[in-house]
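Note sheet for the following structure.
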Amino acid sequence: MNLQNSELLRSTNLIDGKWVAADSGQTLTVVDPANGQRIAEVPRCGAAETQRAIAAANAALPAWRALTARRRAQLLQNWNQLILDNADDLAQLITAEGGKPLAEAKGEAIYGASFVEWFAEEAKRTYGESIPSPASNTRLLVVKQPIGVCAAITPWNFPLAMITRKVAPALAAGCTVVVKPAESTPLTALALAVLAEKAGFPAGVFNVVTGNPAEIGGELCASPIVRKLSFTGSTAVGRLLMAQCAPTIKKLSLELGGNAPFIVFDDADIDAAVDGAIAAKYRNTGQTCVCANRFLVQSGIYEEFAARLAARSAELKVGPGSEAGVAQGPLINAAGLAKVEAHVADALAKGARVLCGGARHARGGNFFQPTVLADVTTDMQVAREETFGPLAPLFRFETEAQAVAMANDTEFGLAAYFFTRDIGRSWRVGEALEYGMVGVNTGMISNEVAPFGGIKQSGIGREGSKYGIEEYLEVKYLCFDVR
Ligand code: NAD
């Protein structure tokens, strides 16, 4: 790493406006997933430091919520500009600790900043309403107020954007926050905190605590001061956190795992479908929650689509994200690699056919070849579980009804994609898919202006868009007797 702004590389946490180590002095080692080498150490904090961060956020709340929305918006705009100004350095940090290709990492910095800009604007539009009263002597008013102290627990696969997508609407609404980033990617979170401090947020408004997930998470969930938890990560951890939040009846936003179907009908534009498949499958080495996990292909187009997807997949250059021309980086760690390997082995044992890849990459370490498997069936593990890696399994279907039934046959409901040139079918299938987000003839759906989120066991709530700020607001009803 060769940062222009060396201030961004921090080895301490931001709690109550001070940069501090763990009480114990213990640290967590951050490693580069491309080579396993140590990059840095960050504090291994636990319950005590988390309690102090919560107390700081609580102390900062009255003054922060009392600011005008315009003032909060100005500070958010400062932060947005600083993220954009430092996008190259932030990209280097994201690639170093998360492994994604540098161009994708820079794209994430810009995408992450777009939430800050969007919610700076939305801060000024948290409108209430008046309701015609059923009685002549009363007037009824609804106002929106910040929920209070919020906690955010974020994953490693978008170490920057998953933080801004939560923190920006929280701050815009007038809430204060404590962030716990993923243990593999804390450096990007700390760099965001450096920039937030520079942007002018008062002490205690934005706190970052790194370290032991169960201890920090346990404290955030148990604290009666924390009124809301926003979590992005696996369904298993989301379920656990939901249970831990039950005693204090906390509000929750959960952005959890997916099992995205990518349906290609016989009438699809095959060039567009292959482009869409590459975009929806291999971004971040297949490690995004909206990555296509199951390709459902109609029999008439199956062999051609399979051959073309395999040819394009085989061309993707695999290597460290910092190397020029690399399209696919490493998996985040050995466990991530083992999961992809297990899904491939299970499918092959049950009769699938390798069209390209199928094994670890010659580069060793956490690298796996972009892989396309044909003749995949619903009894295989890939039909049920999120692979979170560069594996494209191709299932076959005959009819539209069958495709919809296969697509919906999962406990998840985050993103789905389908390709067709039939306008009637695009409405029918779009309506029938049990998913929070559906891409029609496109493999790229995420942006700051549209509501991102899932149904079923993929989560609760929406991020981005005008809906995103509502997650950090309470509705208050005021009834005036005007006699
Ligand atoms: P993960 O659930 O293992 O970790 C997510 C976060 O939870 C991390 O910060 C981790 O430290 C923390 N955590 C883990 N155990 C905890 C505990 N006991 N208490 C408190 N916190 C704890 O998920 P991951 O591997 O980092 O991320 C990948 C998963 O996230 C995938 O399933 C993916 O689909 C999902 N994801 C969803 C979205 C979305 O918007 N729906 C976006 C990105 C990733």
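The values are calculated or read from the model by the stated rules, or taken from the named source; none is laboratory data. From a predicted model like this one, the values you see are computed outputs, not experimental measurements. With ideal geometry, Cβ positions are generated from the backbone for all residues, glycine too; neighbour counts draw on all protein chains shown.
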* Give me a count of the residues in the range 184-201 that are assigned to a loop (DSSP other than H, G, I, E, B) and more than 24 Å from ILE225 (Cα to Cα). => 3
* Enumeration of residues in the range 285-314 that are under 19 Å from ALA416 (Cβ atoms) and either without any contact (Cβ under 8 Å) to a residue 12 or more places away in the chain or within 16 Å of the ligand (Cβ to nearest atom) (or both) -> GLY286, GLN287, THR288, CYS289, VAL290, CYS291, ALA292, ASN293, ARG294
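Only one residue in ARG239, ARG227 is within 12 Å of the ligand (Cβ to nearest atom) and farther than 28 Å from ILE39 by Cα. Which one? Walk me through it before giving the result.
Working: ARG227 fails: within 12 Å of the ligand (Cβ to nearest atom).
Of the residues listed, the single one that is within 12 Å of the ligand (Cβ to nearest atom) and farther than 28 Å from ILE39 by Cα is ARG239.
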* Taking THR232 as the residue in question, decide whether it is hydroxyl-bearing (Ser, Thr, Tyr), within 10 Å of the ligand (Cβ to nearest atom) and buried (at least 24 other Cβ atoms within 10 Å of the Cβ). => yes
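Can you list the strands (runs of 3 or more DSSP E) found entirely within the range 59-160 that contain at least 1 residues being away from the ligand (no atom under 16 Å from the Cβ) and more than 30 Å from VAL30 (Cβ to Cβ)? I'd like the intermediate steps shown before the answer.
Working: elements: 129-131, 138-146, 149-153.
Correct list: 129-131, 138-146.
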* Asked: Of all helices (runs of 4 or more DSSP H) completely enclosed by the range 367-483, which ones contain at least 1 residues that are within 16 Å of the ligand (Cβ to nearest atom) and touching a strand residue (DSSP E or B) at 6+ places or on another chain (Cβ under 8 Å)?
  -> 465-470
* Structure fact -> Of the listed residues (GLY276, GLY325, GLY300, GLY319), the one being surrounded by fewer than 23 Cβ atoms within 10 Å (Cβ to Cβ) and farther than 30 Å from GLU183 by Cα is GLY300
* To do: From LYS106, LYS144, LYS124, LYS166, grab the single residue that is buried (at least 24 other Cβ atoms within 10 Å of the Cβ), of a type in the set (D, E, K, R) and modelled with pLDDT of 95 or more.
  => LYS166
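Tell me, yes or no, whether the range 437-457 has at least one residue that is more than 22 Å from the chain's Cα centre (by Cα) and modelled with pLDDT of 95 or more. Spell out how you get there, then give the answer.
Keep residues of the range 437-457 that are more than 22 Å from the chain's Cα centre (by Cα), which gives 441.
Filter again for modelled with pLDDT of 95 or more, leaving 441.
Checking the range 437-457: at least one residue is more than 22 Å from the chain's Cα centre (by Cα) and modelled with pLDDT of 95 or more.
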* How many of the residues in the range 330-341 are within 16 Å of the ligand (Cβ to nearest atom) and either assigned to a helix (DSSP H, G or I) or surrounded by fewer than 18 Cβ atoms within 10 Å (Cβ to Cβ) (or both)? -> 8
* Selection from the range 187-208 of residues that are surrounded by 24 or more Cβ atoms within 10 Å (Cβ to Cβ) and either within 9 Å of the ligand (Cβ to nearest atom) or on the phi > 0 side of the Ramachandran plot (or both) -> GLY204
* Given the conditions (1) assigned to a helix (DSSP H, G or I); (2) within 20 Å of the chain's Cα centre (by Cα); (3) closer than 30 Å to GLN381 by Cα; (4) aliphatic (A, V, I, L, M), report the number of the one that LEU220 does not fulfil. => (3)
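Are any residues in the range 411-424 out of contact with any Ser or Thr (no Cβ under 9 Å at 6 or more places or on another chain) and surrounded by 23 or more Cβ atoms within 10 Å (Cβ to Cβ), and if so, which ones?
Filtering the range 411-424 for residues out of contact with any Ser or Thr (no Cβ under 9 Å at 6 or more places or on another chain) gives 416, 421-424.
Correct list: ALA416 only.
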* Asked: Does the range 115-129 contain any residue that is among the basic types (Lys, Arg) and within 20 Å of ASN86 (Cα to Cα)?
  -> no
* Asked: Given the range 9-58, what strands (runs of 3 or more DSSP E) lie entirely inside it while holding 2 or more residues that are more than 19 Å from ASN157 (Cα to Cα) and touching a helix residue (DSSP H, G or I) at 6+ places or on another chain (Cβ under 7 Å)?
  -> 13-15
